[in-house]
């Protein structure tokens, strides 16, 4: 009878899986960290005034192109 050889295959596979999980966890942590840093700031009074100015400009713009839409077929 030959003596049994020790196999490290299971240990190596387990080590690879743990490394992949750690790297994936770090990646997700960094990704979440970046998204929380780039959250928009709350709307200020200046933003509201700028929006009101844009709405006024849009309402004052003449969009009539004098086209007969019903005649197009």
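Using helices alone, I'd like the mean residue ellipticity at 222 nm for the chain: each DSSP H run of four-plus residues gives -39500 (n - 2.57), total over residue count, nearest 500. Before the final figure, lay out each step's value.
Values: 2 runs with 45 residues, N = 73.
Helices in the chain give a 222 nm mean residue ellipticity of -21500 deg cm²/dmol.
Angle between the Cα long axis of helix 9-37 and the longest principal axis of the chain, 0 to 90 degrees, nearest 10?
Roughly 20 degrees, rounded to the nearest 10.
Computed from these coordinates, which is log10 I(q)/I(0) by the Debye sum over Cα atoms at q = 0.13, 0.19, 0.23 Å⁻¹: (1) -0.61, -0.86, -1.03; (2) -0.77, -0.95, -1.05; (3) -0.35, -0.74, -1.06?
(2)
Every read-out reported here was derived from the displayed coordinates using simple, explicitly stated rules and does not represent laboratory data. Only a predicted model underlies this, so the values are computations on that prediction, with no experimental measurement involved.
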